[in-house]
């Protein structure tokens, strides 16, 4: 009898625990659903629609789509062991720093990648693009091969530096135009990761444009082509658009019980508990996206903090809540830093043009449509001085520490993007 009572009480206790657990799970689920609905309404009222269909890009005719050539171009690139490290290094270093072996090794890479380069060059004059990402599928949408695009871009940048070092202006400028088109097509997509790849490619292009603009052999017609090759995407607007697209994908994933979201939470909790917390996590992330809009596009006046250690030591809830939380500070800073470098390139080109007409650089920086008076990266004036020998220096007043904190893996040195030294002109020497 005593054994019977023990079993009876044990079963009753288990039933109570299970019942309380189910009741608690239901309560959490209902609370999460209510909170997500409330946050969604606030988001749509203050920011914009949360329908993933709103981010599906318009179709572009095959013959007008730069991606028609870029997609097979980046996928056609062939790299043997060691090639990726080689092109990565040479894409960030001026030709004057190369060894003879560097040049000969790169020539072998370029020779085997002639077909890929030809495909990519075909798109250099094309402005319309669409990578045909199915944004209406939320975060499960298949994205392009971004690593292939980066490797192809590094190969192109190294090729342009090699061409310029050997006096082949035409190949160097065609390469800059090709890189500009590749960056532009990625920056136009409302996906944070695709935008970041576009920014990385644009920085590679700007490094090459910097060398060409600072070269004494660059002609006035060359300068016009370089100016036209530069990207024109509003990068702050692009960041906001990608944040909104990511927010819409969150709501879509929860509504469809997307396996992508459930898989993302796998390391934190059991599958059933993940389902219970999905609405709560989505609401927290959506609120973070809404708040993040206010901080996009501002200057970066101090090095960004390293958030990787905070995330590692923040416990299971911090990791869970950050599944969809955007690191907007980092994305916004990279966009702002890229816009700063682009503006400097446009100003440097304008200064070279003015000097080709007047035989000297102007005393103050010219006004250019689309280029703000202040540097977007610092929020203050740029540095500009005409030297006694007739050369000029144009630079951002940012610091190495800030640039390294924005892009820790950036191989391009500060001088390659944020400081231009322009050669002393001679009247009529640039034609």
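The numbers here are math on the coordinates, done by the rules we state, and not lab data. The model shown is predicted, which means the values in this text are computed figures rather than measured ones.
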Alpha-carbon centroid distance for the pair the stretch 352-382 / the stretch 168-225, whole angstrom: 20 Å
Computed over the stretch 78-185: relative contact order in percent, which uses C-alpha pairs under 8 Å that are six or more apart: 39 percent
